[in-house]
1. Limited to the stretch 62-71, what total is found for residues that are surrounded by 14 or more Cβ atoms within 10 Å (Cβ to Cβ), modelled with pLDDT under 90 and assigned to a helix (DSSP H, G or I)?
2. Please verify whether residue 34 is farther than 24 Å from residue 138 by Cα and either exposed (fewer than 12 other Cβ atoms within 10 Å of the Cβ) or touching a helix residue (DSSP H, G or I) at 6+ places or on another chain (Cβ under 8 Å) (or both), treating the condition exactly as stated.
């Protein structure tokens, strides 16, 4: 009878061990899948962010402030839908650009006494746009690709 009880105990412990191992595997598989989904969303968000911020950066030099402001507001819903998956520094730069664009009309109204502040604001907005572009390039690895491509200054295309 003692041997039978030990066999039953061994079987019960074996089942418990198997159930525990399955639970652990499931937990790690779920966590791994979650991390994969987050990585996919980050890549997708960065792929969408890059042309948008490049467009904004280009518009800062070529278009009116009002056109740039309109474009930023056009992209606002996209930004807030993807903000969790964008690099934090990029998101902060995006918000800084938007703030600068929204603030500039207030400074333009008082132009005689705020001309220097307006100039500094636009310089800051352009710098933030450039930094945002570089942040996305770092995130998606474009800066590493550029570093690996040798430059031949004597070559003509």
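1. 3
2. Values: farther than 24 Å from residue 138 by Cα: no; either exposed (fewer than 12 other Cβ atoms within 10 Å of the Cβ) or touching a helix residue (DSSP H, G or I) at 6+ places or on another chain (Cβ under 8 Å) (or both): yes.
Answer is no for this residue.
The values are calculated or read from the model by the stated rules, or taken from the named source; none is laboratory data. Only a predicted model underlies this, so the values are computations on that prediction, with no experimental measurement involved. A quick note on method: Cβ atoms are made from the backbone with ideal geometry, for glycine too, and the neighbour counts reach across all protein chains shown.
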